[in-house]
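Read the structure below first, then the notes.
The values are calculated or read from the model by the stated rules, or taken from the named source; none is laboratory data. From a predicted model like this one, the values you see are computed outputs, not experimental measurements. When we count neighbours, we look across all protein chains shown, and the Cβ atoms used for this are built from the backbone with ideal geometry, even at glycine.
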There are 2 protein chains.
Amino acid sequence: MTTRNDCLALDAADPLARLKDQFSLPDGVIYLDGNSLGAMPKATAARVQQVIAQEWGQDLIKSWNTAGWMDLPSRIGDKIGRLIGARPGEVIVADSTSLNLFKVLSAALRIVKADRPGRTVIVSERSNFPTDLYIAESLAEQYGATLTLVDSAAEIPAHLNDSLAVLMLTEVNYRTGARHDMRAVTAAAQAAGALTVWDLAHSAGAVPVDLNGANADFAIGCGYKYLNGGPGAPAFVWAHPRHADRFWQPLSGWLGHAAPFQFSARYQPAAGIKRYICGTPAILSTAALECGVDTLLAAEPLGGMTALREKSLALTDLFARLAEERCGTLGVTVVSPRDAASRGSQVCLALNDPLTEAGYAVIQALIERGVIGDFRAGDPARLDQVPHILRFGFTPLYVGFADVWDAVEHLHQVLSTEQWRQARFNQKAAVT
Amino acid sequence: MTTRNDCLALDAADPLARLKDQFSLPDGVIYLDGNSLGAMPKATAARVQQVIAQEWGQDLIKSWNTAGWMDLPSRIGDKIGRLIGARPGEVIVADSTSLNLFKVLSAALRIVKADRPGRTVIVSERSNFPTDLYIAESLAEQYGATLTLVDSAAEIPAHLNDSLAVLMLTEVNYRTGARHDMRAVTAAAQAAGALTVWDLAHSAGAVPVDLNGANADFAIGCGYKYLNGGPGAPAFVWAHPRHADRFWQPLSGWLGHAAPFQFSARYQPAAGIKRYICGTPAILSTAALECGVDTLLAAEPLGGMTALREKSLALTDLFARLAEERCGTLGVTVVSPRDAASRGSQVCLALNDPLTEAGYAVIQALIERGVIGDFRAGDPARLDQVPHILRFGFTPLYVGFADVWDAVEHLHQVLSTEQWRQARFNQKAAVT
């Protein structure tokens, strides 16, 4: 059985451990919610202060050029590209994940309509993050398409037929952490004549992604989770170069224009991915995102996403194993896939009868002890398939092996002493 | 003739003059570009630092609730509402001006389609800010509508007929500063059976706006100009309550859902204006916006927007008059309307032959002297109607009468000594 000393030894031998120095985390906290809101890089405060006091306060309007504000969406996009298998010039930072999905799904539907008319079905998973489904619902109505939701990944192959327009999936599920095989699923969808749209919200910075290697069609992702960009940080968008210059995306704002400062009355989209920019970027939040992305690029000399993934798998495997070993008899079941290739960087637990409804209280009791995870309610109508879950994200940049051990120890104490019955219910649902 | 001492006396007698203390401006600068990027409030740096270091860094994910991040769009929206004649609960802050225009113009077109089918024309001005035209162009294509652009406001009445679906105007023109009579134009459009969409980018915080008084239908506006929200600050959106609950706007992101934390698979829009929220708000930029809006609310005990407007008109009138008196013989013509009701808070100048092409150099020479205005190129094909302009914004919060006098004195020196021939061409086009 693994001991705390074993974990301390793993931390001492971990070349990635020093990356934690890049972050400011409160004392006494084990932060296992970086899949919801990444931790704060130390560099961010000074950088944003520079943007406010110097670039805005002193240099004012000219900073659009002299401070490179105008180039931030591309500059940070290129940095994110290094994490997701995209080449320079293929990614831009803009707006929110929801809005970027609207852009790429619109573009995908327009391409399919032009190239393969008659394909009118968008397929996704009912368990996908809701905003993706809401955007797809809106676009399905607008384009006269049908949104079909499957209840499990196993049902997807049955929908890969000549009605399929777009297969829209989130690579790593926000609840369970289950991960699709992007390369295989993309190939299968394309073999059926469809396009793929991938949401990398729980992938970018969490698992190695190779968009070009997988020959994906479109991808979008989130800046405030594993990219550590800060609350509500701008999102990113990628289109395969074979698609980027085709059609407008409909959110045709002026900074996506080929020549915005000509102030012409007609829209002429910029070449490539820049047409996916819409309005003026929120510079403070965008500058903060760059600091977050830089914390991941700092791992490049140490093996980059491959090394981070190796540590992530070791952390999540250890947590799942310890949770079962030490808390299994107390009612804990691991819900996330145990197969390494099939999971992201998080582990979800469910509680068995008679603790089925105790999950929220258990998370509160853990938070009171400084172990920050979160709770996601299940589907009351089918708790057997969609149970209440305790969700724990493991960010290898700032979570260590002793943290994992300590988190399970706290969980053990909360359950064995039934401390959760006294937990204060002082936290509403947190943003995913 | 007005002297510099006269202007100093006006400043000494101005009860609004002390509001300038709210801002940090570089020494030796006369900032006449607040219509492009508002100046930096002193409070912003500390507030954003608090968001980063305390709310994000220490309190992490729970700040969505404990620090009120989730309420920011409504809280700041209500504050903006006080500046534009909207009631509490009618305005939210979200995304960019371009995106908010997409939302409201979509909603307007859906309402017209349902209530008055057959109306398929969107009318706007060719001189409207291009992003508005690009968004309208996109939606016209999508909804099978026609976008008709008029060359002057005088042509609008001829288009108020039973084909008109939406009249989409920017109240104050970004180039010339010309201002529409919102109440009269709205009434005329509605009498013709159409809806109105108003862009308040150069109005909110610049002129008194009374959306409910004017019985407008939809409005959007910008956070980074007269609201002093910082570069690329989030924008705002208003829908008249009679429209707010009708239809979805198509950017149906999860935070516009009636119950986002139920994570349901089907979209159910929130009641009222909250359905105009899409994805997760960029909190750093949003928090900064609140500091900017607060600098305007600080004028409320001193007469609010009415008092600010009075000063603004005095500033712009003085500038136009001095520019004509002192620089008229040097080739300067005032392009902005001289009638107070017909102009916003800016004054635009054109240069006569043979200086027609010298405008950019003149602005550069002024910038080198610390007088920050900007240059907007005309339409090469019809410079008589759309000339090159030197654009100067007058923000009564931080511009005084002596500033006006000094700015004209610099302009006089630049022109009389032909200093502009030596100006360094070191600034590319700035963001409007």
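The residue list B:Pro26, B:Pro41 contains one member that is closer than 17 Å to A:Trp56 by Cβ and surrounded by fewer than 16 Cβ atoms within 10 Å (Cβ to Cβ), which is B:Pro26. Is region B:388-404 home to any residue that is of a type outside the set (A, V, I, L, M), assigned to a helix (DSSP H, G or I) and modelled with pLDDT of 95 or more? Scanning region B:388-404, I find at least one residue that is of a type outside the set (A, V, I, L, M), assigned to a helix (DSSP H, G or I) and modelled with pLDDT of 95 or more, so the answer is yes. Exactly one residue out of A:Gln249, A:Gln262 is assigned by TED's automatic domain parsing to the domain that holds A:Gly68, over 26 Å from the mean Cα position of the chain (by Cα) and among the polar types (S, T, N, Q): that is A:Gln262. Being more than 17 Å from the chain's Cα centre (by Cα), surrounded by 16 or more Cβ atoms within 10 Å (Cβ to Cβ) and either closer than 17 Å to B:Asn173 by Cβ or without any contact (Cβ under 8 Å) to a residue 24 or more places away in the chain (or both) is a property that B:Pro337 has.
The helices (runs of 4 or more DSSP H) found wholly in region B:1-89 and carrying at least 1 residues that are in contact with a strand residue (DSSP E or B) (Cβ under 6 Å, 6 or more places away or on another chain) occupy B:42-49, B:72-84.
The criterion of being at the interface with chain A (Cβ under 10 Å from one of its Cβ atoms) and closer than 30 Å to B:Trp405 by Cα does not hold for B:Asp6. Screening A:Ser36 on (1) crowded, with 20+ Cβ neighbours inside 10 Å; (2) modelled with pLDDT under 95 shows it passes everything except condition (2).
If B:Ala239 meets every condition in (1) over 18 Å from B:Asp95 (Cβ atoms); (2) small (Gly, Ala, Ser); (3) more than 7 Å from chain A (Cβ to nearest Cβ) apart from one, which number is that one? With respect to (1) over 18 Å from B:Asp95 (Cβ atoms); (2) small (Gly, Ala, Ser); (3) more than 7 Å from chain A (Cβ to nearest Cβ), B:Ala239 is out only on (1). Every residue in region B:49-77 that is of a type outside the set (S, T, N, Q) and farther than 17 Å from A:Leu37 by Cα, please. The answer is B:Asp71, B:Leu72, B:Pro73, B:Arg75, B:Ile76, B:Gly77.
Name the single residue, out of those in region A:155-177 being of a type in the set (Gly, Ala, Ser) and over 26 Å from A:Phe319 (Cβ atoms), that is surrounded by the fewest Cβ atoms within 10 Å (Cβ to Cβ).
For region A:155-177, the residue satisfying everything is A:Ala158.
Only one entry of A:Gly230, A:Gly272, A:Gly205, A:Gly223 meets the criterion of being more than 15 Å from A:Ile84 (Cα to Cα), at pLDDT 95 or above, in contact with a Phe, Trp or Tyr (Cβ under 9 Å, 6 or more places away or on another chain) and not assigned by TED's automatic domain parsing to the domain that holds A:Pro396, and that entry is A:Gly230.
Selection of first residues in region B:241-261 that are without any contact (Cβ under 8 Å) to a residue 12 or more places away in the chain and of second residues that are of a type outside the set (Lys, Arg) and crowded, with 23+ Cβ neighbours inside 10 Å, restricted to Cβ pairs under 7 Å at least 6 apart or on distinct chains, gives the following pairs, ordered by first then second residue: B:Pro260/B:Trp254. Filtered by the rule that a residue be touching a residue at least 40 places away in the same chain (Cβ under 8 Å) and more than 8 Å from chain B (Cβ to nearest Cβ), region A:26-49 gives A:Gly28, A:Ile30, A:Leu32, A:Gly34, A:Asn35, A:Gly38, A:Pro41, A:Ala43, A:Arg47. The number of residues in region A:383-413 that are within 21 Å of the chain's Cα centre (by Cα) and of a type in the set (D, E, K, R) comes to 1. Can you confirm whether B:Pro269 is facing another protein chain (nearest Cβ under 10 Å), without any contact (Cβ under 8 Å) to a residue 60 or more places away in the chain and closer than 20 Å to A:Ala201 by Cα? When the stated conditions are applied, B:Pro269 does not pass them.
Residues in region A:275-297 that are more than 18 Å from A:Ala45 (Cα to Cα) and away from every other protein chain (no Cβ under 14 Å): A:Leu297 only. Given the conditions (1) within 30 Å of A:Gly393 (Cβ to Cβ); (2) touching a residue at least 12 places away in the same chain (Cβ under 8 Å), which single one is not true for B:Ala53? So B:Ala53 meets the others, but not (2). Residues in region B:102-131 that are facing chain A (nearest Cβ under 9 Å), touching a strand residue (DSSP E or B) at 6+ places or on another chain (Cβ under 6 Å) and in a helix (DSSP H, G or I): there are none.
Would you confirm, using the coordinates I've provided, whether B:Gly205 is of a type outside the set (A, V, I, L, M), crowded, with 23+ Cβ neighbours inside 10 Å and more than 14 Å from chain A (Cβ to nearest Cβ)? Yes; evaluated as a whole, the condition is true for this residue. Quick check on A:Asp317: is it more than 30 Å from B:Thr131 (Cβ to Cβ), in a helix (DSSP H, G or I), within 17 Å of the chain's Cα centre (by Cα) and at pLDDT 95 or above? Judged against the criteria, A:Asp317 is not a match.
The single residue among B:Gly193, B:Gly256 that is over 17 Å from the mean Cα position of the chain (by Cα), of a type in the set (Gly, Ala, Ser) and more than 14 Å from chain A (Cβ to nearest Cβ) turns out to be B:Gly193. Condition (residue is within 14 Å of chain B (Cβ to nearest Cβ), over 12 Å from the mean Cα position of the chain (by Cα) and farther than 19 Å from A:Lys274 by Cα) applied to region A:218-230: is it met by at least one residue? Yes; the residues of region A:218-230 include at least one that is within 14 Å of chain B (Cβ to nearest Cβ), over 12 Å from the mean Cα position of the chain (by Cα) and farther than 19 Å from A:Lys274 by Cα. With respect to the conditions (1) crowded, with 19+ Cβ neighbours inside 10 Å; (2) in contact with a Leu (Cβ under 8 Å, 6 or more places away or on another chain), B:Ala320 falls short on a single one, namely (2). Against the conditions (1) closer than 18 Å to B:Leu255 by Cβ; (2) more than 21 Å from the chain's Cα centre (by Cα), A:Phe102 satisfies every one except (2).
For B:Arg183, the test of being more than 14 Å from chain A (Cβ to nearest Cβ), under 18 Å from B:Phe218 (Cα atoms) and in contact with a helix residue (DSSP H, G or I) (Cβ under 7 Å, 6 or more places away or on another chain) is passed. Annotation: of all residues in region B:384-395 being more than 12 Å from B:Gly38 (Cβ to Cβ) and touching a helix residue (DSSP H, G or I) at 6+ places or on another chain (Cβ under 9 Å), the one that is surrounded by the fewest Cβ atoms within 10 Å (Cβ to Cβ) is B:Pro387.
Evaluated against (1) closer than 29 Å to A:Ala288 by Cα; (2) surrounded by fewer than 18 Cβ atoms within 10 Å (Cβ to Cβ); (3) touching a Gly at 6+ places or on another chain (Cβ under 8 Å), A:Gln58 falls short on exactly one condition, (3).
Do we have any residue at all in region B:277-297 that's crowded, with 17+ Cβ neighbours inside 10 Å and more than 30 Å from A:Gly230 (Cβ to Cβ)? No, that holds for no residue. Considering the conditions (1) surrounded by fewer than 24 Cβ atoms within 10 Å (Cβ to Cβ); (2) over 23 Å from B:Gln249 (Cβ atoms); (3) at the interface with chain A (Cβ under 8 Å from one of its Cβ atoms), B:Ile52 is excluded by exactly one of them, (1).
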